[in-house]
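S.K.: Here it is: the structure, laid out below.
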Amino acid sequence: MPLNDTKLRRIAGKPYDGPEEIADGGGLSARISPKGLITFQYRYRFNGKPARLKLGTYGKMSIKEARDAMEECKGWLEEGRDPAMQRKKARDIVSSLPSISALVDEWLETPSVKEMVKYEYWKRILKLHVTDNYGRLIADEMSPVEWEQIFLRITKGGSPVQAGNVLVKMKQVIRYALRRKRITSNSLMLLEINDIGSRPDGGERFLNDEEIGAFWNAIDKTKMSWQNKMLIRIVALTGCRGVELRLARKSDFDLKAREWCHYQNRTH
């Protein structure tokens, strides 16, 4: 008689002195210990030799899941592959999938990210809001709904703008992992800022004299070419658009009068 939940529930976790094994059919059976531990097993033959494969434990695996696993094993047998080896490969793949913490750490170690002005800030923020609480989760197994909970937690804590900022940074982490084929799931990319938080309010801000001086001196510390350094400084001094400066001609400038003679005409 096929296995059923009513029968197995009566046995599970209780002293048992009945048959050691109850068959379900097709090679699937339930092996039962004297303490009522029920293990699903699949009997088969490979290369002419009998074999027995543990599929799972009742309570963690349902009868339907055990039957599905048996059918998967039968499919491998038809292809000439050993089900035991195929299940081991599947377990090895799952165990090697990177966690969220691993992906964040890998992203933080890239040279371009290390050069971010706010590197230490983002390292601390990602630890606080992402890896401390969710770092052990496997990125490839995360659904959009599960990702969403990470950022909604920040919003519910009273920081919807910060939630949006963290989402933007985590998208950079995931894009980097996708490019390197560390993961295959792009479920995080389906989320938008409006789904989990809010964008910062628009506004105007002007640098003070000290900040302008720091910006001016910082240009020399970059690896930009001399021409690009000059372009940025002239844009800062005149307030013009970069394209206007790049299209300007030498004849447009009156060096004696210190005037950009045709600037006004080119901006209309």
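S.K.: Out of curiosity, is Ala30 open to solvent by 30 Å² or more (accessible area, probe 1.4 Å), in contact with a Leu (Cβ under 9 Å, 6 or more places away or on another chain) and either hydrophobic (A, V, I, L, M, F, W, C) or over 15 Å from Ser62 (Cβ atoms) (or both)?
M.R.: Judged against the criteria, Ala30 is not a match.
S.K.: Here is a further query. Select, from Asp105, Asp68, the only residue that is closer than 22 Å to Ile183 by Cβ, of a type in the set (Asp, Glu) and either in contact with a Leu (Cβ under 9 Å, 6 or more places away or on another chain) or open to solvent by 50 Å² or more (accessible area, probe 1.4 Å) (or both).
M.R.: After applying the criteria, what remains is Asp105.
S.K.: Take the conditions at pLDDT 90 or above and closer than 30 Å to Ala218 by Cα and apply them to Lys49. Does it pass?
M.R.: No; evaluated as a whole, the condition is false for this residue.
S.K.: Please name all residue pairs, on different chains or six or more residues apart, with Cβ atoms under 8 Å, provided the first residue is in region 61-75 and is farther than 16 Å from Thr39 by Cα and the second residue is assigned to a helix (DSSP H, G or I) and open to solvent by 30 Å² or more (accessible area, probe 1.4 Å).
M.R.: Cys73/Arg87
S.K.: Here's another thing I want to ask about it. Can you tell me which residues in region 44-64 are surrounded by 14 or more Cβ atoms within 10 Å (Cβ to Cβ) and not in a strand (DSSP E or B)?
M.R.: The answer is Ser62, Ile63.
S.K.: So, Met85, is that one open to solvent by less than 50 Å² (accessible area, probe 1.4 Å), over 30 Å from Leu188 (Cα atoms), part of a helix (DSSP H, G or I) and of a type in the set (A, V, I, L, M) or not?
M.R.: no
S.K.: Oh, and also: Taking Val168 and the conditions (1) surrounded by 13 or more Cβ atoms within 10 Å (Cβ to Cβ); (2) at pLDDT 90 or above; (3) touching a helix residue (DSSP H, G or I) at 6+ places or on another chain (Cβ under 8 Å), which numbered condition does it fall short on, given that it satisfies the others?
M.R.: (1)
S.K.: A further question on this structure: Just to be sure before I move on: is Arg31 farther than 17 Å from Ala84 by Cα and in contact with a Ser or Thr (Cβ under 7 Å, 6 or more places away or on another chain) in the structure I sent?
M.R.: Against the criterion (farther than 17 Å from Ala84 by Cα and in contact with a Ser or Thr (Cβ under 7 Å, 6 or more places away or on another chain)), Arg31 qualifies.
S.K.: Under 7 Å between Cβ atoms, at least 6 apart or on separate chains: pull out the pairs that start in region 116-128 with a residue that is closer than 17 Å to Lys221 by Cβ and free of Cβ contacts under 8 Å to residues at least 60 places away in the same chain and end on any residue that is among the aliphatic types (A, V, I, L, M) and open to solvent by 100 Å² or more (accessible area, probe 1.4 Å).
M.R.: Close Cβ pairs satisfying both conditions: none exist.
S.K.: Please go through region 8-23 and give me each residue that is open to solvent by 30 Å² or more (accessible area, probe 1.4 Å) and closer than 17 Å to Glu65 by Cβ, ordered by number.
M.R.: Residues satisfying the conditions are Arg9, Ala12.
S.K.: If you take just the helices (runs of 4 or more DSSP H) that sit entirely in region 118-223, which of them hold at least 2 residues that are over 23 Å from Asp105 (Cβ atoms) and among the aromatic types (Phe, Trp, Tyr)?
M.R.: 209-219
The values are calculated or read from the model by the stated rules, or taken from the named source; none is laboratory data. The shown structure was predicted, so the numbers you read here are calculated from the model rather than taken from an experiment. A quick note on method: Cβ atoms are made from the backbone with ideal geometry, for glycine too, and the neighbour counts reach across all protein chains shown. Ligands, DNA and RNA are stripped out before the accessible areas are found, and what is left, the full protein with its side chains, is counted by its heavy atoms. Shrake-Rupley method; radii C 1.70, N 1.55, O 1.52, S 1.80 Å.
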